[in-house]
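One structure is given here, and the rest of the page talks about it.
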Amino acid sequence: MVHEVLFLHVGQCGNQLGHEFWSNGLKARAILIDTETGVTNEIMKGNIASYFNEFNIFTQQS
């Protein structure tokens, strides 16, 4: 039985909601997808950036 869940954060709303969710101090296992880099860059510069693997972030500029 699989004990891990994969979260897909898509678009500005999905990425902002995901940011709030992971702010609770959990180990993020997520893929962030957005056509713009604004929100994903904000997440990676913020205090929870260490929770995310930069190779799991896909933007139009990736």
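The values are calculated or read from the model by the stated rules, or taken from the named source; none is laboratory data. Keep in mind that what you see is a predicted model, and the values were worked out from it rather than measured. Here the Cβ is made from the backbone with ideal geometry for all residues, glycine too, and neighbour counts use every protein chain on show.
Residue-by-condition table, conditions (1) modelled with pLDDT of 90 or more; (2) crowded, with 17+ Cβ neighbours inside 10 Å; (3) among the hydroxyl-bearing types (Ser, Thr, Tyr):
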residue: ASN24; (1), (2), (3): no, no, no
residue: LYS27; (1), (2), (3): no, no, no
residue: LEU32; (1), (2), (3): no, yes, no
residue: THR40; (1), (2), (3): yes, yes, yes
residue: GLN61; (1), (2), (3): no, no, no
Go through the range 27-52 and give me each residue that's of a type in the set (Gly, Ala, Ser) and within 17 Å of LEU8 (Cβ to Cβ). ALA28, ALA30
